[in-house]
1. From the list A:PHE109, A:PHE114, A:PHE62, exactly one residue is surrounded by fewer than 20 Cβ atoms within 10 Å (Cβ to Cβ), at pLDDT 90 or above, more than 30 Å from A:LEU183 (Cβ to Cβ) and not small (Gly, Ala, Ser). Which is it?
2. If I filter segment B:208-223 for residues that are closer than 24 Å to B:GLN124 by Cα, under 18 Å from the mean Cα position of the chain (by Cα) and either at pLDDT 80 or above or not small (Gly, Ala, Ser) (or both), do I get at least one hit?
3. So, in segment B:65-101, of the ones that are within 39 Å of the chain's Cα centre (by Cα), aliphatic (A, V, I, L, M) and farther than 30 Å from B:GLY159 by Cβ, which residue ends up nearest to the other protein chains (Cβ to nearest Cβ)?
4. Just a yes or no: is a residue in segment A:252-264 of a type in the set (Gly, Ala, Ser), surrounded by 12 or more Cβ atoms within 10 Å (Cβ to Cβ) and either modelled with pLDDT of 85 or more or outside any helix (DSSP H, G or I) (or both)?
5. Would you mind finding the one in B:ALA514, B:ALA552, B:ALA579, B:ALA523 that is out of contact with any helix residue (DSSP H, G or I) (no Cβ under 6 Å at 6 or more places or on another chain), crowded, with 24+ Cβ neighbours inside 10 Å and hydrophobic (A, V, I, L, M, F, W, C)?
6. So which of B:VAL461, B:VAL487, B:VAL492, B:VAL503 is in the same structural domain as B:SER546 (by TED's automatic domain parsing) and either under 19 Å from B:ASP239 (Cβ atoms) or without any contact (Cβ under 8 Å) to a residue 40 or more places away in the chain (or both)?
7. Pull out all pairs, ordered by first then second residue, where Cβ-Cβ is under 6 Å, the residues are six or more apart or on different chains, the first lies in segment A:222-249 and is touching a residue at least 60 places away in the same chain (Cβ under 8 Å), and the second is assigned to a helix (DSSP H, G or I).
8. Go through segment B:507-527 residue by residue and tally those that are within 15 Å of B:VAL561 (Cα to Cα) and either touching a Ser or Thr at 6+ places or on another chain (Cβ under 7 Å) or of a type in the set (D, E, K, R) (or both).
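The values are calculated or read from the model by the stated rules, or taken from the named source; none is laboratory data. Here the structure is a predicted model, which means the values were calculated and not measured. Because the Cβ atoms are built from the backbone with ideal geometry, glycine has one as well, and the counts that use them run over all protein chains shown.
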Amino acid sequence: MSRREHTFFRKLDWWSVAAYLVLVLIGWISIFSAVYDPEHGQILDTSQRYGMQTIWIFGAWFLAIVVLLIPTRFYEMFSTVLYILGILLLLSVLVLGVERGGSRSWLVFGPVHFQPAEMTKVFVALGLAGVMSRPHFHLRTFRGIFYIAALILIPAALILLEDETGLALVLLAFIIVLYREGLPGWIPLTGIAAIVLFLLSIIWSPLYVLWLTLVICFITAFLAAGRKRPVFIAVVSFAAVYFLIPILLDLFSINLFAHIEKYIWFLIVTAPLVIVSLILAFHKRLTFLKVLILSFVSSIILIFSVGYLFNNVLKPHQQERIETLLGIDKDIYGSGYNVYQSKVAIGSGGFSGKGFLQGTQTKYNFVPEQSTDFIFCSIGEEWGFLGASLVIFLYMFLLIRIIQISEKQRHSYGRIYGYGVAACIFFHVFINIGMTIGITPVIGIPLPFISYGGTSLWTFTLLLFILLKMDATND
Amino acid sequence: MENRAREKNIIIAFFVICLLILVGRLVFLQLINQEYKVTASNNVLRYEIIYPSRGLIYDRNGNIMVGNQSAYDIMITPRELEPFDTTGFCSIFHLSREQMDKMLAQIDSRRRAIGYQSVIFLRQVSKEQYTRFLERAHRFPGFSVQTRSVRNYPSAICGNLLGYIIEADRNFLEKNPEYRAGDYIGRTGLEEYYEPWLKGEKGYSIYLRDVHNQIKSPYEEGAYDKPAVPGKNMVTSLDLPLQIFGEELMKNKVGSVIALDPSSGEILTLITSTGLSTEYLTNFGAYYSQVISDPLKPMFNRAIMSSYPPGSVFKLVNGLIGLQEGVVTPNVRYSCNMGYRAGSLTVGCHSHPSPLNLMQSVMMSCNAYYCNVFRNILDNPEYDNIVTAMDNWQEFVKSFGFGQKLGIDIPGELPGSIPGSGTYERIYGKNGWTSLTVISLAIGQGEIGATPLQLANLAAVMANSGHYYTPHLVREIPEDPEFRPTVERHHVMVDSVYFPVIVEGMYQAVNAPAGSGATARLAAIPGVELCGKTGTAQNPHGEDHSVFICFAPREDPKIAVAVYIEQGGFGASQAAPVASLLVEKYLTGEIHPSRQWLYERTLEQDLLTRHIE
């Protein structure tokens, strides 16, 4: 073994490799348990999913070794070519794609089924790194923003055309990369706030969302204000007016809420507060207060326009689609059922779980998409809180590790790419686990390294090992 | 290299916080909240589908023709199956041990595909078996009962008209994703055509169930339950007593009877004999193979599907076309000496006075007369050649509703066939045929096919002197006020002024005195002015088919009837009595004592032996 190779293997980040191997192993065990049937005991039985997954895993390792053998410069030099290749693959799906499980996103070569939309993350991460690491690239120019938007939105649009909404949404995660590279922080913050408000105003009644926004605003004002007393007075007077007037009217046998909706009363009471604050903000030149009022007013507008849009503009079947996507589908046969069963499965795991192959809820087809999107159910049921949180901490460890690796790259190419890897893994993990425990919308995307499926496993292996290769030759 | 430690730390913090939210949620789900543990170990959600009752079908006077009754299916949920009291189970349902094992093995092989669902194990068990099962349900884990509404038929009438209900097959489910496996659908007849109205909407109740297979409580207090919406009732134009009377007359005969109200196109009676008996319909799946192997083909709805030569009743059409085209007038006489002869060709006729005018030709059904008329039509010098004359004739005939679907509101109607010049050019080549070649069309034979429905429609055209309405069965759907039957008024290409002379011929055919040569005197009803036309269609495979169409009364007709009896012999002998008895029953409500013998004779006629070799 030459000296160069020797240092290469010493410099490879074995911590990440170890985390990767453990996650893949956990995945295999969970798939085995999810589809286990005493009649098919063979580990390599390819008629069963765990048999197929064994093949995918060996394939992924082979792929990892190949990636480690390719010179680092290859990715940097050919990032544009690879990106265009990825787009062409997506285009070819639109022509040659085969329908499978409700979306036309699969390419079929003989026995091999392949989903380019899943792979797109790799190409976009490489392409983005390629463009953004150019010496004269500036993110804060119009040209820069245009480039980045095109790079992300073109594949996103193509994936949407294939009906893989979840995988298109994953590309949103790259905003984390942009933030690291100098995108002003308020843009992702506003984005996240808008998405959360949007979801909440569909799920909750507007009154609750209004209260939530108001409370957040009061807390922010309290923390940011130089003098706390005016904020305190505002809170007390608001509460007094809001609650006491209906009680007083009630004494005169007038039921206020028989005449107006509660949220209208809320708006009536809020209006003077906003006006007084606004006068105060301009008079005393309090920038934070101006921003706060602006956010508050735009939140209210958002809440009501979403409500109006949803109930008046959208047709019932469109509403249903959105509700299904958000997992608040009332149809007990639909995703409402999945999430309920998934929560039962995980909740019944308790602290230490029911033990390997002992899960009752994840047997048979109780939770659909058992070994793919809802694989976390098996883990939660059979390994309990210990196993489930171990998996989450493993991901946390891997993500922090990837960020540290990215930060120490000498070339900005490697750093940007590394953040892309972290962003994708994070998005998949958070949304996937979140949906199985009922806190994120049910968007069908797999759990990295764990879910059943060759394309997904290979994609994440590629993502990770390209970064590890860059890191090992980082000098 | 830009150093952005702040961004890096914020991103790490963001990741960590989000993942800790997940952990926090797990703490809540797995450690704090006990509800899910209880749910998982003891309770499983159970969906009890509530099947809607189908809409009822009434006749025109409010008599129920198709009703509903409860049936009980024993369901099996393989995932919950445990060793159970097989002996007890078998004794309730009168199953042998081998049968039971075979059925269980069959379910077991489908276990994966069934998943957590329940499937039907035993179909439509009796009420008594159902109660006995319920008493001991706890001993049969994995089994449950599903109540369904099935059809019942207060009177045994022609099932081809009504259609039947059957579990939707895979093929149907693929084409109609709104249905689920286990749903019942209407097939053939009114049940299929009006399925969207009749079916109603399924509902369900959701229960939490404990390990002992016992329902514990409604899930979320029934907040997610959905009640079933019953199907919509429909009122048909059929006259149930008349339908029953007609079927009685058609007993042991193969053929069709259709009676309709010419002033609206409403069908009063539609009989296919031998048809599908209603006794098979309730649980049709169980009788399917038996019905399919019946040599008399009960599933074949002769009334709207079979294509017969119309025989002499078609002379009415040719006579009218001749009048409209001006190639014959009421006063033209043609002689007939036991047939029509031209060169080597002879079309035979029966013995009757000669020569005859147009009215008499209808009354006595003279073949020679219509050979002359038909040749006049085809060799009409007004037309360049026989090809245009023939196609013109075809247009005329089609305007009477022949050669096309009339649009009745049950599925399966066939158009019959009316030849044009193209037909004969294919057979004999261009210029290879003359009016003599196709002369059998003059008397409704040859390359011509009409359904009994089209013949009834012809009777309606005669009754209305030149127009007809789309024949239809459903009058209204009270719960769907927007529903209107699709009925159109069609005009034939013959002016109404030409009808009286032909109608007079039909009147005389029935009511002329004895010895006058009238063909259908048997059909005469005391006190009713019946107009009719007999037909005897040649059948190369056996006895001739017997045909009769008629309407009554002559002024302001209330009913038009066509009767077609396969291998019935002369039109006058079999079809005419059936038709006239039907008309008499409808118009007077009884059978005149002087015709009681005819009624009894008709009931006794058994022509089935002619069909079964």
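1. The match here is A:PHE62.
2. Quick first cut of segment B:208-223, residues closer than 24 Å to B:GLN124 by Cα only: B:213-215.
Still in the list and also under 18 Å from the mean Cα position of the chain (by Cα): none.
Checking segment B:208-223: not a single residue is closer than 24 Å to B:GLN124 by Cα, under 18 Å from the mean Cα position of the chain (by Cα) and either at pLDDT 80 or above or not small (Gly, Ala, Ser) (or both).
3. Here the answer is B:ILE76.
4. No, segment A:252-264 contains no residue that is of a type in the set (Gly, Ala, Ser), surrounded by 12 or more Cβ atoms within 10 Å (Cβ to Cβ) and either modelled with pLDDT of 85 or more or outside any helix (DSSP H, G or I) (or both).
5. Exactly one of B:ALA514, B:ALA552, B:ALA579, B:ALA523 is out of contact with any helix residue (DSSP H, G or I) (no Cβ under 6 Å at 6 or more places or on another chain), crowded, with 24+ Cβ neighbours inside 10 Å and hydrophobic (A, V, I, L, M, F, W, C), namely B:ALA579.
6. Selected residue: B:VAL487, the only one of B:VAL461, B:VAL487, B:VAL492, B:VAL503 that is in the same structural domain as B:SER546 (by TED's automatic domain parsing) and either under 19 Å from B:ASP239 (Cβ atoms) or without any contact (Cβ under 8 Å) to a residue 40 or more places away in the chain (or both).
7. A:ALA224/A:PHE288; A:ALA225/A:VAL231
8. Going through segment B:507-527 one residue at a time, the tally reaches 3.
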